[in-house]
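Here the structure is laid out as structure tokens; the discussion comes afterwards.
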Amino acid sequence: MGYQGFYFNMTRCIGCKTCQIACKDRNDQDIGINFRLVKTFELGLYPNPSIYHYSGACNHCANPKCVEGCPTGAMYVADDGTVQHDKNKCIGCRYCIWNCPYGAPQFIPELGKVGKCDSCKDLRENGENPVCVDACIMRALEWGDIEELRARHAGEELTSELPILAPPHITNPSLLIKPKKNARLKEYQEKEM
Amino acid sequence: MGETSLLVFSICIQAAIGIILFAFVAQIVYKGKQFKVAAVTAAVLAVVGVFASFAHLGHPLSALNVLGEFGQSWLSTEAVLAGVFAGVAVLYAAIHFLRPDDHTLSLGLSGIGSVLGLVAVLSMAKVYTTTSVPVWQGSNTFVDFYATTVAIGALGFLVTSVSQLQDVSKKLFGYSILVAVVIQAASTVPHILGLSEMGAAAHSSIQILNGMNTLVWAKWLLILGGAGIALYPASAKVQEGAKLNVNAFVTAGAALVIGQVIGRYLFYATLVVTNVGLM
Amino acid sequence: MASFINKVNELNLSRRSFLKASAVATASLPLVGCGNSLIKSATENVTGEEGEWITAACWHNCGGRCLNKALVVDGIVVRQKTDDTHMDSPEFPQQRACLRGRSQRQQVFGADRLKYPMKRKNWAPGGGNKELRGQDEWVRISWEEALDIVASELKRNIQEHGNRSIFSTLEFGSLANSEIAKLLTLVGGCVTHSGTRSWGTWKATPRLIGEIPEPMPGLQINDRFDLLNCKTVIMLGANPAWSAISGTPYYTRLANEAGAKFIFIDPFYNDTASLVDGEWIPVRPATDTAFLLGVAYVMITTDDPVTNPIIDWEFLKANTVGFDEESMPEDADPKDNFKDYVLGTYDGVPKTPEWASKICGAKPDQIRYLANELRMHNKVALLTAYAPARNKNADNLPQLVMTIGAMGGHMGKSGHCTGVSSNANAFNGGPRLVQPGGDGIPPYKNPVDDSIRDAVMWPAILDGEYSYVGSLDGGPFLPAERRKLDIKVIYNGGVGNSLQSRDGMNKGIKAYRKVDFVVTHAQFLNTQAKYSDVVLPVTTWWERLGGFLTGGRETLFMYSQVVKPLYEAKDDAWVAEELAKLLGVDPKKLYPFDEKQQFFNKIAGSTVVTDDGKGMEPLVTITNEDIAEWGVQGKPQKGRIGLKELQKKGVYQVERHANDNFGYIAFSDPPAAVAGATQEKFFDKSKIKIYSKEFEDTINAMGFSKIRGIPTYIEPEDGYEKTFSDWDNQIKGEFPFQVMNPHYLRRSHTVFDNIRWLQEAWPSPLFINENDAKAHGISTGDTVLLTSPHGQTLRTALLTQRFIPGVIGLPHGSWPDIDEKTGIDTGGADNMLCGAISTGQGTSGWNTAICNIEKYKGTPLVPDVQRPQRIIF
């Protein structure tokens, strides 16, 4: 079975958070809950500062720790290789939140359960893309079979290993990032612009 | 801190396991003795613990869903073991009333409870060490959980069984407590040193700890002090008719429990998951 | 939907239960703790596409224009989406909406929507307790009572004090938004105002220095395909990633990917600079003129036609006036030429890079570097946004930008251009390729000619007199004429939030508290509504019939009504009509035909560029059936797209590709695609006036401040020099910092500031250079008190290395929330710090402001997302 996931072209991202809001709109999320979240990182000193943005969501990992840890089987790997969450089984123990090294599952107090990026599975089954992908005004996000994405972006520097992220060996994320050069540096600071 | 229910759950369950463990040991060492108060205390603690774990759930009504992944997920395994242990603990307490003379049954139940309990503590530790929370990873969590189990268990057992232990040596309990807390303390040093090399999340945890310096000192003072206080009467020579210093045990127990609770509070307070953080 | 509204209205629900109801009904929940589960179930019921996607207006003044659609199920909007009408490609890109557009569901259905007409408890004819404006209690009233109050106040004041006692805050330049303005013209007129607004000095200067094309239609720069040919793109005070987000950052990035090098001249290392790996030359606000004069000095002194050709002398000679002695007009003093000013021939001050550096902060070498980049044989786009011109005493800046561009010959040819790149035209110049028709309503004329400059309109009301200099919206530019003024009524009759968005808000509040009556149409309790006596709840554009929206040159958006008016909200036009009846004006005079006919006229009159790019032809095919269905007067016509199809798609986008017939080279191509445009090239009939006596005389006669006929550096009011108590010895004064107001993605000006999702995503901090902050004991997260000569405001600090030292960034548009005891604004409103000071053409110079910063000792601020919403009923 192949894996599906996101391609994120960091060199194009302007950190506008349209993907985050589009996701919130589709999932009707309250404040504090974001299945996709954009963060801004700053490096360097005046007059040579630099920045980069990271737009993160569930990476639909090949070895999902959330699935491994889930005591009820609510978190599971679906037939298309994506990591899905069954709300009916979930008991709201939040263990997946401790397990996911990407912060993807979020506790929804009103439901008493968690939720997370489902890669807009229903939309995809209708032939559409996840909403964040089609929302991106910079065309920095893509979705697809991870090997097909890799082939489409052959020649680009692609990685899922960055100082801001957990080492990929933990969960083997289905994530391809085209990083900015400065995103390789360790001395970053997060800035809530 | 949003993990109060887990704090209550883990401390109560571990205390209950410890009490039953020492009841089992005492039943073997001091043949023919029964420890009714200890059994009831363990049962109450176990039940309180289980209910506290429900309170942690966003959707407690579906709690039975955890049965499905027993053996697959450490959390499921822990929950099931804790539940079964609580059942055994209640049964163990009940037989003191229903069949007070059946010593074999009593011994059997405290034995099963002890084994189940010790495995449950293992699974409890595993629940934490397998997460993406660096401060929880590594052997320290195991040491911490077992030390809590042994120390609170032994003292709890002593306090609740004073009347039955008037005439016997309690050195075993005193030294058990001491050994447990000394190992617990010793394991902290490499743990904290190791954390500083575990990345940003671990660093954040260290920073949280640094910000709670007073609590960290209070924790160790109470735990080690409690163990020390307990050691004195526990190792005192058994004298016929001499009055046992119950107050010392109670004081020691209180100090130790408060110390361990603070420790567990810190354990949860330093929760920082390794991630770029969607939260 | 109707049933939902009726239900809500009938039940007259308490606030709390209303919120619950709206949570269920609208699936819109800006409120924490309110039924996410209810939302979930509402959403989950929408499986499949049983709802209808309707093109929803995205009507805000954000700098862009995009396609926005709303999924309506049973009259409730459950989700939004953007352009999927065609496959996306760089040549033919989808018109994707930004985060604000995609939050509009939260806006339209926000719990803080104004639901009923209301009046201030302590208002009485004559004003009542005027000081309570902004802090009084609200009383719900009926529409009948509300209209009665408004009509009688208008009538009484017009009778007693004349039409010159009525002040309309709507600009007459934008009639589309001014239903009330139309009405007021029919009852004798009113005093109005005009300003340089977003444009800064680009508002009037282009007309005075050689009829340079107005920047707004994007006629100063080449189209996006030609910009791909540039080698160096210079961005002066431009951050389209935050201020023109729709297509511009994408086009900008494509130019970068095509190989262009970018240089940013800005106080802020902005997100667009990061996007294109741009080089950053940090420059202080309001010092761009000094910077560019330094550049001009280097260009002049290093130019050698043989060994180092920098200046395109041939271009200068052919197309400009006043560069040097020889090219001065006959009636002018030859000594007044630009070159000699730069070299300091007569004033003894050569405008060297060192001279410029002391003022603007850029290093002399950076100034030399930029001058070399501007050399004639380099393909350069010198692009500026309006921000550097939104400064006090910056009237000459547009002239200087054009001068620098002309010196390098960067005009009128492929790969070269100079001018404003802003709004939806940013990085894509050229005339509109598709445009809507008119509504067919004859223009209105205001019988009162009084027009106050925005920057001084509050002092005008307070002082009872002002300088009349004509209107910036269409002119004329007149010498100052002092006029007495006694404003009794302020009417905010449509979109806008001018109390907050015009210079010197503190004085504005005083002005509001002086007059007898203030009435405001509003969707939320924004600033001007808050300080009013009567507030009329009006519909958002989602609740209105429909219409057209324009943005970039390639697109025309046709939006439709999404939902019925919410609560008791009414259209502005309805209010105008009802008031007309009460004021004895025949509504037919206001609107000779109905809204539907107006809309239909716009449709029928829409045009699109012909295939050869030389003219325009009808856009929409209209059949007899369409006309019957709409129930309007009209004739069938043949066009490019059927009416139904256009309505369903919601957009018509001209398909572009490289080397098509629709390219545009500014100052070269005649704007053929504009119907009726002249076929002459720009320079066949005009020259750029590097020296203009007319410019000098016109501005100076207005009396706000003096300029010269050539671009010179003028020390601005509230500028960098004013941060010193002793400039010569460089000793800082009472207000040692400069403040600039970046456009910020939470808001479109002041709109959207109240939207929870956006508050969460964009916290709107105060940007401070890390070293400056540390020197003042300020850390990230601290509440900072900003004190300017004009007011005080609070904001939470964010330390960064991205700002030039000595300059802080206070994001534009945050809603004020003034503590009446201390007078300190706790909301971080930028216009608390800006003074009601006008210079030159009557400029609103928001980016010229100075202040002091200190760690606030009072109660720290909570994040905006935790502030209570302004829910009245």
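The values are calculated or read from the model by the stated rules, or taken from the named source; none is laboratory data. The model shown is predicted, which means the values in this text are computed figures rather than measured ones. Every residue, glycine among them, receives a Cβ derived from its backbone with ideal geometry; neighbour counts consider all protein chains shown. Note: accessible area is taken over every heavy atom of the protein model, side chains too, but ligands, DNA and RNA are not part of it. Shrake-Rupley method; radii C 1.70, N 1.55, O 1.52, S 1.80 Å.
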Exercise for review: Quick one: in the stretch C:331-361, of everything that is in contact (Cβ under 8 Å) with a residue 24 or more places away in the chain and assigned to a loop (DSSP other than H, G, I, E, B), which residue is surrounded by the fewest Cβ atoms within 10 Å (Cβ to Cβ)?
Suggested key: C:331
Check your understanding: What number of residues within the stretch A:101-127 satisfy the criterion of being among the polar types (S, T, N, Q), away from chain B (no Cβ under 14 Å) and surrounded by 18 or more Cβ atoms within 10 Å (Cβ to Cβ)?
Key -> 1
Exercise for review: Go through the residues of the stretch A:63-75 one by one and say whether even a single one is away from chain B (no Cβ under 14 Å) and on the phi < 0 side of the Ramachandran plot.
Suggested key: no
Exercise for review: Please work out which one of (1) at pLDDT below 95; (2) more than 30 Å from residue C:808 (Cα to Cα); (3) among the basic types (Lys, Arg) is the condition residue A:139 fails and give its number.
Suggested key: (1)
Practice item. Scan the stretch C:714-754 residue by residue and report those that are surrounded by fewer than 22 Cβ atoms within 10 Å (Cβ to Cβ), over 25 Å from residue C:347 (Cα atoms) and of a type in the set (Asp, Glu). Key: C:734
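Listed here are the residues, each with its yes/no results for (1) of a type outside the set (Val, Ile, Thr); (2) part of a strand (DSSP E or B); (3) at positive phi.
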| site | (1), (2), (3) |
| --- | --- |
| C:107 | yes, no, no |
| C:112 | yes, no, no |
| C:116 | yes, no, no |
| C:124 | yes, no, no |
| C:136 | yes, no, no |
| C:139 | no, yes, no |
| C:147 | yes, no, no |
| C:150 | no, no, no |
Check your understanding: Across the stretch B:70-87, what is the number of residues that are assigned to a helix (DSSP H, G or I), surrounded by fewer than 23 Cβ atoms within 10 Å (Cβ to Cβ) and not hydroxyl-bearing (Ser, Thr, Tyr)?
Key -> 5
Check your understanding: When you go through (1) more than 12 Å from chain A (Cβ to nearest Cβ); (2) touching a Ser or Thr at 6+ places or on another chain (Cβ under 9 Å) one by one for residue C:754, which number turns out not to apply?
Key -> (2)
Review point. Does residue C:694 qualify as being among the acidic types (Asp, Glu), in contact with a Leu (Cβ under 7 Å, 6 or more places away or on another chain) and at pLDDT below 95?
Key: yes
Point to revise | Output for the stretch C:855-873, where each listed residue is surrounded by 12 or more Cβ atoms within 10 Å (Cβ to Cβ) and within 12 Å of residue C:784 (Cα to Cα) | key: C:855, C:856, C:858, C:860, C:861
Exercise for review: Go through the residues of the stretch A:25-40 one by one and say whether even a single one is within 14 Å of chain B (Cβ to nearest Cβ) and over 30 Å from residue C:868 (Cβ atoms).
Suggested key: no
Practice item. Evaluate the stretch A:55-77: report whether one residue or more is in contact with a strand residue (DSSP E or B) (Cβ under 6 Å, 6 or more places away or on another chain), more than 28 Å from residue B:66 (Cβ to Cβ), touching a residue at least 60 places away in the same chain (Cβ under 8 Å) and assigned to a helix (DSSP H, G or I). Key: no
Review point. Of all residues in the stretch B:181-211, which are of a type in the set (Ser, Thr, Tyr) and not in a helix (DSSP H, G or I)?
Key: B:196
Review point. Just checking, how many residues over the stretch B:155-190 are more than 15 Å from residue B:37 (Cβ to Cβ), small (Gly, Ala, Ser) and at pLDDT 90 or above?
Key: 5
Check your understanding: Just for helices (runs of 4 or more DSSP H) wholly inside the stretch C:261-330: which have at least 3 residues that are among the small types (Gly, Ala, Ser)?
Key -> C:288-302
**Study point:** Tally, over the stretch A:10-30, of residues that are of a type in the set (Val, Ile, Thr), open to solvent by less than 10 Å² (accessible area, probe 1.4 Å) and assigned to a helix (DSSP H, G or I)
**Key:** 2
Point to revise | Filter pass, residue C:479 being open to solvent by 10 Å² or more (accessible area, probe 1.4 Å), within 23 Å of the chain's Cα centre (by Cα) and at pLDDT 95 or above | key: no
Exercise for review: Would you mention how many residues in the stretch C:34-67 are at pLDDT 90 or above, within 13 Å of chain A (Cβ to nearest Cβ) and under 30 Å from residue A:107 (Cα atoms)?
Suggested key: 0
**Study point:** Selected residue (criterion: farthest from the other protein chains (Cβ to nearest Cβ)) from residues of the stretch A:128-144 that are in contact with a Ser or Thr (Cβ under 8 Å, 6 or more places away or on another chain) and of a type outside the set (A, V, I, L, M, F, W, C)
**Key:** A:130
Point to revise | Within the stretch C:627-649, tally of residues that are in contact with a strand residue (DSSP E or B) (Cβ under 8 Å, 6 or more places away or on another chain) and within 14 Å of residue C:599 (Cα to Cα) | key: 4
Review point. When you scan the stretch B:136-169, how many residues do you find that are more than 13 Å from the chain's Cα centre (by Cα) and open to solvent by 10 Å² or more (accessible area, probe 1.4 Å)?
Key: 13
Review point. In the set C:768, C:778, which member is away from chain A (no Cβ under 12 Å), touching a Leu at 6+ places or on another chain (Cβ under 8 Å), hydrophobic (A, V, I, L, M, F, W, C) and more than 30 Å from residue C:340 (Cα to Cα)?
Key: C:778
Review point. Residue check: is residue C:89 closer than 20 Å to residue C:56 by Cβ, within 14 Å of another protein chain (Cβ to nearest Cβ) and either β-branched (Val, Ile, Thr) or open to solvent by less than 50 Å² (accessible area, probe 1.4 Å) (or both)?
Key: no
Check your understanding: Does residue A:130 fit the bill of being in contact with a Phe, Trp or Tyr (Cβ under 8 Å, 6 or more places away or on another chain) and open to solvent by less than 10 Å² (accessible area, probe 1.4 Å)?
Key -> yes
Check your understanding: Looking at this structure, is residue A:165 within 14 Å of chain B (Cβ to nearest Cβ), out of contact with any helix residue (DSSP H, G or I) (no Cβ under 7 Å at 6 or more places or on another chain) and of a type outside the set (Gly, Ala, Ser)?
Key -> yes
Check your understanding: Restricting the stretch B:101-135 to residues that are open to solvent by 30 Å² or more (accessible area, probe 1.4 Å), in contact with a helix residue (DSSP H, G or I) (Cβ under 9 Å, 6 or more places away or on another chain) and not in a helix (DSSP H, G or I), which is farthest from the other protein chains (Cβ to nearest Cβ)?
Key -> B:102
